[in-house]
Amino acid sequence: MVNIAVCDDSKEYVEIVRELINVIMVKNNTACNIYTYFSGLSLVQAFKVKTFDIIFLDMEMPEIDGIKTGLLIREISDKVIIFYLTSHKEYAYESYQVKAKNYLLKPIQSDVLEKELMECIAELDMPLEFLDVKDTDGIFHRIPLCDITHILRKKEDRKIHIYTLDKQEIIAVQTLKNIENSLSSISFIKRSCKSCLVNLNNIRAIHKNIIVFINGETEEASRRCLSDLVNLFKK
């Protein structure tokens, strides 16, 4: 779980950045907490009791500006990643005093933010714990990976159906390939056939080509994937 703080004296802009981050994290299936602050002092006080991995910090704020806020943050931690949000390129030099990762020009561009954010998260090397998906009704779901039995693209509707241990079924708008790519670092999620991903940790048995999950549900494995799947299951 990535903990992210956004600090800007404009409540409207904080909400814009918060929403951009949320969309990016859902798109990349990365779980996060997003905390918002409207002054440098409130951010510093919060950081004394909370742990943030990444901070997005406005440069121009009343009371104490972004540089002074950043220096106070650095007195607490030299590991937290800081990005400055600014409308002026000339502030770039000042940001180096705080050992900021980078500065992002307002209005912030979604593609630029995504690139910077995902590169930082990769550096954090945090284990993926959830699958974030949007269903066909436009509702976002954060599903613990440990609860998923399998993810199936059904022939009938060609949509992605996600099944869980408590026998919930969520129909997602993402493609199977997109989900597979986002879970590529997860060793226990594997293909059982060209249209299905299974959670090895939630398999009770494999009988011939039938996968039996610990909740009693079953799914077929293809001949092409069966041998590798059985070998991984035995480990």
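Of the listed peptides 137-147, 155-165, what is their order by residue-averaged count of other C-beta atoms within 10 Å, with the highest listed first?
Result, highest mean first: 155-165, 137-147.
Sorted by mean Cβ packing within 10 Å, highest first, what order do the peptides 175-181, 45-51 take?
Peptide ranking by packing, descending: 175-181, 45-51.
What whole number of Å gives the distance from the Cα centroid of segment 17-47 to the Cα centroid of segment 177-235?
35
5 Å is the cut-off here: which amide hydrogens, built 1.01 Å from N in the peptide plane, fall below it relative to residue 104, excluding neighbours closer than 5 in sequence?
Distant-sequence amide H within range of residue 104: 84, 85, 86.
Would you please classify the overall shape of segment 137-214 from the alpha carbon gyration tensor, given that a ≥ b ≥ c denote the square roots of the eigenvalues, rounded means a/c under 1.5, and beyond that prolate means a/b larger than b/c while oblate covers the rest?
Cα axes put segment 137-214 in the rounded bin.
What ranking of 15, 75 emerges when the number of other C-beta atoms within 10 Å of each C-beta is taken as an exposure proxy, fewest first?
By the 10 Å Cβ count, ascending, the order reads 75, 15.
What ranking, highest mean first, results for peptides 19-27, 213-221, 107-115, 55-63 when packing means the other Cβ atoms within 10 Å averaged over each residue?
55-63, 19-27, 213-221, 107-115
Could you list which residues have their amide H under 5 Å from that of residue 193, counting only those 5 or more apart in sequence or on another chain, with H placed in the peptide plane?
The answer is 222.
What percent does the relative contact order of segment 1-131 come to when contacts are Cα pairs within less than 8 Å and at least six residues apart?
27
Given N residues in the chain, what is its alpha carbon radius of gyration divided by 2.2 N^0.38 Å?
1.24
Just from its helices, what would the mean residue ellipticity at 222 nm be for the chain, if runs of 4 or more DSSP H residues each count -39500 (n - 2.57) and the sum is divided by every residue, rounded to the nearest 500 deg cm²/dmol?
-9500 deg cm²/dmol
Which pairs, out of 50/106; 79/234; 27/167; 177/235, put more than 29 Å between their alpha-carbon atoms?
Pairs exceeding the cut-off: 79/234.
Shape call for segment 2-124 from the C-alpha gyration tensor, a ≥ b ≥ c root eigenvalues: rounded (a/c under 1.5), prolate (a/b greater than b/c) or oblate?
Because its axes are fairly even, with a/c under 1.5, segment 2-124 counts as rounded.
For 120, 7, 32, what's the fewest-to-most ordering of other Cβ within 10 Å of each Cβ?
Ranking 120, 7, 32 by Cβ neighbours within 10 Å, fewest first, gives 120, 32, 7.
No value in this document is a laboratory result; all are computed from the given coordinates. Just so you know, these numbers come straight off a predicted model, no measurement behind them. Glycine gets a Cβ as well: all are built from the backbone with ideal geometry, and neighbour counts include every protein chain shown.
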